[in-house]
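The values are calculated or read from the model by the stated rules, or taken from the named source; none is laboratory data. Every value quoted in this text rests on a predicted model; they were computed, and no experiment measured them. Cβ coordinates were reconstructed from backbone atoms using ideal geometry, including for glycine residues, and neighbour counts include every protein chain displayed.
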Amino acid sequence: MSGIRITNLRKSFGDYTALRGIDLQVPNGTLLALLGPSGCGKSTTLQLLAGFEAPTEGEIWADDTLLSSPRGVLPPEKRGISLVFQNYAVWPHKTVAENVAFGLTIRRLPKAEVAERLTRALRTVRLDPLRDRYPSELSGGQQQRVALARALVVEPSILLLDEPLSNLDAHLREEMRFEIRQVHDLLGITTVYVTHDQSEALVTADRIAVMQSGIVQQLGSPEEVFERPSNAFVAGFIGSNNTLAGTSEGEGAIRVGDHVLTAPDRSGAAKGGSVALCVRPSKVRLGGDGGLPCNSLPGTVVRSAYLGEHRDVLVDIGGDRTIRAFVPPEHRYGPGAATTVHLPIDACQILAPAA
Amino acid sequence: MGVISTSSRDAVARPVMARVPLVKATILGAVVLLLVLLVVQPFGWVLFNSLHDDATGAWTLNNYARVVQSADLIEPLVNSLVLAAATALIAVGIGVPLAWLVSRTDLPFRRSIRVLTLTAFVTPSFIGATGWILLAAPNSGWLNTAWRWLAGEGAGAPLNIYSMAGAVFVCGIYTVPYSFTMVSSALDEMAVELEDAATTLGCGVLRTMVSITIPLAAPAVIASFILSFIQGLTLFGVPAFLLTPTGIPVVTTKLAEFYQLFPPEIYLAAAYCMPLLLVTGALFWMRRRYLGRKQYVTISGKTRAGRQIHLGAWRWPALFLALLLPTVAVFLPYAALLLVSLTRAWGLGLSWENLSLYWYWWAIFGNSETHTAIVNSLVYSTLGATLCVALGTLVAYIVERRMMPGASLLGAVATVPIIIPGIVLSVGFFAAYTRAPFNLYGTPLLLIAAFAATFLPIAYAHGGSILKGIGPELERAARSLGAGEARTFLAVTLPLMGGGLVSGWFLVFIPIIRELSVAVFLITPKTNVMTTLIYNAKDGGNYEAVCAMSVLLLLITLLLVAIARPLAGLTGARRTSRKTATAAGVPS
């Protein structure tokens, strides 16, 4: 097993810059999720890690071994890095057993050891009874487990997962999340998990790197990125969020239209600089006096949707701005009703606007 | 783990990298060298020779001046263009409706018509021309005789195959299979959803056809028109058989004439190739431009059986029309060839005493010349197709996976022979390899190489389309598990290409075994192949032998096609069912 160190990684394809300088540390044995919307550079980072692309600038290290730099790239087959693909990439012309044993035969291990490790790997992913099937005779989830077993059986020092669950149906996806975390807890292999699904990242990862436009926006534990997002993009990408763009009125205050709102300030912006106020819909209250110290604004209900566990209410607060609130389902609001929006000060954050 | 092999601890550690493995470098080098030898060099010689004087060997532009100025060199060009345009019109005019009938309607015997059209495809057009000489020669042709028998002695002979119209007819009917195949596969692969969407919006059958199906098939129609045009322009056998006797010259027969002159005007011939190249090159450029803007051709959905259009009362008239092509391209000429080949002496007329298998016995056992040619044809075609497919597939792989800088240039070089008419390539190979240091004249290698070069574009395009369907992840998975590039290619890519490669091999083998124009300047008595032998024997007027050899060539080709079909399907029976295939990115 090895830790990964990525320094100032840049990658351009012609005029297009996919990565604009990435720095990441993945300590030995941790599971890092690379989270971001499509086109953010997470898959490029993975291709560079696997050795299929050469960086334009920067270096990738596994412990003391330099894997990639603009001067050259250690070929993928020499890295000891296994990869699980979004579309599984299970070879259709090989049986389950042949797929999984491939990496072992490449390593010219003794027959007995191949057989033993193969059986162990197939048992781990509960595919032993299906070992002689061809992939065309397996379900999507089973193919995914073949891909996982094939990657793990060679005991890689690093495991890369490229959106491994996105081709599965919702129910199976939820189940496989826990399975992947379980396998990681069992084997402790340093893992990089690429996904665009925040809940996948929150469930599986020790650390999450939120990426956008080729830059790591925030690197932290799941709790940190959810509770203390570093900017409005991270706040908006992870979980539901209200973002009100405005200008700084000095530390701890933001002007949004005619209102000045106060909140804990982590934007670092000077007075007059552009900032954003972020607040989760679940913290927003409607009507009454709010109870806690709040920023309170008058508004009009635009839309109200009943979701069983809560009611999702959209309130117009003037100036083309709206606030979403998740309120207890027993509170009923019809469109057009006047109400007051309360944003509890402790639940609000003033952040730098989306980068 | 110890899987990572480098473990230098100093700060300036360098990955083991950038060094291209020896095997890969050797293979890349061999591919580049072969492309230079097979394509660049012969073509370069044509260009070089065209700028030299036949008598003195000095540099000159005189050859080009003669091509442009002398009327007896311009006339063949005009004739060639007329022949090509008419051929393309016939091919598209018959091929497209036929394709639509077979792919989209409930026409009876659809499968049989497909097979018969394929039979027309494997028939060398000059053998078809021989059949039609027997059928429609000015006086003695059977159809003319039959006409006189029906309409009375004084009715004359309405048909004359030795004419421009005759040549257009024969070129046309044997080019129909090209447009038929291209358009019917476009129709087969078209996503049914596209048509269904129109139907759900209230379009009737006819409206859907006019506003959706036909525009979507248009790129295939245009591509097949251009291909048919080039076919008509570059054919050698048909004009040599049907037009030369009446003194109508075309470019290809004129080129052959330069070689038969004494002294031969080889350098003038090289210059005379250029107008052909100019036209074919321009057509391909136009096609590229056109298709470049109509990228939607490739947007095909899942291949499902399309909605069938019910012809109703039109079924039988439609069948009658659909059977016209097989009748004129397969039944009639084959019947003529077969009948003549089975008579001991055709001049003696049809009678039981005259029927015999003598000429087959003669071709296979009796005559060492034909015996050698049969063996040569089989050996050269097998080796040529193998070389061609191996090289084409490797080039396609290098291009698809961008394995070296300038890879797309390799692809362009591998595609160039498609615009080089066979007879021009023959001129080029003659120039390149009959001199030192190669001195290959009279060796089998010369023919094998020329055959491989001629059909390299087919092998390359076919290989590329198979590879496009194999997702790179399938290979990357193997790489990440420790397999090097060569091992990955052998263990993953090649088996996945499997059935496709077999069909690609036959796709090259069949045109090679029936190829005439490439071989015509390159053969010697020892390296004669069946096509050249038939061509020469026909000049000698020995029709019984010509027919027997033609029937043998057809039988061998058809037999191989029959073997090929199940073989190509065999490789993927259990493992490439549609579900995995699409999940893994393999075309089903």
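So the values come out like this:
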read-out	value
Residue satisfying all of: in the stretch B:521-544; hydrophobic (A, V, I, L, M, F, W, C) and in a helix (DSSP H, G or I); farthest from the chain's Cα centre (by Cα) among these	B:537
Leading residue by the ranking (surrounded by the most Cβ atoms within 10 Å (Cβ to Cβ)) among those in the stretch A:69-85 that are more than 7 Å from chain B (Cβ to nearest Cβ) and under 23 Å from residue A:106 (Cβ atoms)	A:84
Pick from the stretch B:65-111, criterion among the hydroxyl-bearing types (Ser, Thr, Tyr) and at pLDDT 90 or above, ranking: farthest from residue B:173 (Cα to Cα)	B:80
In the stretch B:399-445, residue surrounded by the most Cβ atoms within 10 Å (Cβ to Cβ) [restricted to those that are among the polar types (S, T, N, Q) and at negative phi]	B:426
Filtered residue count, the stretch B:306-332, keeping only those that are in contact with a helix residue (DSSP H, G or I) (Cβ under 9 Å, 6 or more places away or on another chain) and aromatic (Phe, Trp, Tyr)	1
Qualifying residue in the stretch A:161-168 (condition: touching a residue at least 24 places away in the same chain (Cβ under 8 Å), assigned to a helix (DSSP H, G or I) and within 18 Å of residue A:91 (Cβ to Cβ))	no
Lone qualifier among B:82, B:115 - being surrounded by fewer than 20 Cβ atoms within 10 Å (Cβ to Cβ) and either among the acidic types (Asp, Glu) or over 17 Å from residue B:179 (Cα atoms) (or both)	B:82
Residue in the stretch A:63-70 that is touching a residue at least 12 places away in the same chain (Cβ under 8 Å), assigned to a helix (DSSP H, G or I) and under 21 Å from residue B:401 (Cα atoms) present	no
Breaking point among (1) more than 19 Å from residue A:220 (Cα to Cα); (2) of a type in the set (S, T, N, Q); (3) within 11 Å of another protein chain (Cβ to nearest Cβ), for residue A:190	(1)
Close pairs from the stretch B:54-80: first free of Cβ contacts under 8 Å to residues at least 60 places away in the same chain and closer than 18 Å to residue B:263 by Cβ, partner of a type in the set (A, V, I, L, M, F, W, C) and surrounded by 11 or more Cβ atoms within 10 Å (Cβ to Cβ), Cβ under 7 Å, at least 6 apart	B:60/B:51
Test: residue in the stretch B:196-211 that is of a type outside the set (Lys, Arg) and under 29 Å from residue B:119 (Cβ atoms)	yes
Test: residue in the stretch A:278-295 that is more than 20 Å from residue A:335 (Cα to Cα), hydrophobic (A, V, I, L, M, F, W, C) and modelled with pLDDT of 90 or more	yes
Flag if residue B:260 is at pLDDT 80 or above and surrounded by fewer than 15 Cβ atoms within 10 Å (Cβ to Cβ)	yes
Count of residues meeting criterion [more than 12 Å from chain B (Cβ to nearest Cβ) and in a helix (DSSP H, G or I)] in the stretch A:115-147	14
Flag for residue A:246 being surrounded by fewer than 17 Cβ atoms within 10 Å (Cβ to Cβ) and either within 18 Å of residue A:314 (Cα to Cα) or of a type outside the set (A, V, I, L, M, F, W, C) (or both)	no
Residue ID - surrounded by the most Cβ atoms within 10 Å (Cβ to Cβ), chosen from residues in the stretch A:86-102 that are more than 7 Å from every other protein chain (Cβ to nearest Cβ) and not in a loop (DSSP other than H, G, I, E, B)	A:100
Spans of helices (runs of 4 or more DSSP H) in the stretch B:37-106 with at least 3 residues of a type in the set (Ser, Thr, Tyr)	B:71-104
Considering residues of the stretch B:485-516 that are of a type in the set (Phe, Trp, Tyr) and under 29 Å from residue B:444 (Cβ atoms) only, the residue farthest from the other protein chains (Cβ to nearest Cβ)	B:509
Members of the stretch B:540-576 that are charged (D, E, K, R) and either touching a strand residue (DSSP E or B) at 6+ places or on another chain (Cβ under 8 Å) or modelled with pLDDT of 80 or more (or both)	B:544
Index of the failed condition, residue A:207 passing every other in (1) within 14 Å of chain B (Cβ to nearest Cβ); (2) modelled with pLDDT of 90 or more; (3) surrounded by fewer than 23 Cβ atoms within 10 Å (Cβ to Cβ)	(1)
Out of B:340, B:375, B:389, B:379, sole residue that is surrounded by 23 or more Cβ atoms within 10 Å (Cβ to Cβ) and not hydroxyl-bearing (Ser, Thr, Tyr)	B:389
Check on residue A:156, facing chain B (nearest Cβ under 8 Å), in contact (Cβ under 8 Å) with a residue 40 or more places away in the chain, buried (at least 23 other Cβ atoms within 10 Å of the Cβ) and more than 29 Å from the chain's Cα centre (by Cα)	no
Filter result for the condition that a residue is surrounded by 17 or more Cβ atoms within 10 Å (Cβ to Cβ), more than 18 Å from the chain's Cα centre (by Cα), on the phi < 0 side of the Ramachandran plot and assigned to a strand (DSSP E or B), over A:5, A:20	A:5
Within the stretch A:71-87, tally of residues that are free of Cβ contacts under 8 Å to residues at least 12 places away in the same chain and among the small types (Gly, Ala, Ser)	0
Only one of B:471, B:482, B:500 that is crowded, with 20+ Cβ neighbours inside 10 Å, over 25 Å from the mean Cα position of the chain (by Cα), in contact (Cβ under 8 Å) with a residue 60 or more places away in the chain and closer than 26 Å to residue A:100 by Cα	B:482
The stretch A:107-121 residues that are without any contact (Cβ under 8 Å) to a residue 24 or more places away in the chain, paired with ones that are surrounded by 13 or more Cβ atoms within 10 Å (Cβ to Cβ) and part of a helix (DSSP H, G or I) (beta carbon under 8 Å, 6 or more apart)	A:109/A:117; A:113/A:104; A:114/A:101; A:114/A:104; A:114/A:105; A:119/A:128
Single match in B:108, B:124 (criterion: within 19 Å of the chain's Cα centre (by Cα) and either crowded, with 16+ Cβ neighbours inside 10 Å or touching a residue at least 24 places away in the same chain (Cβ under 8 Å) (or both))	B:124
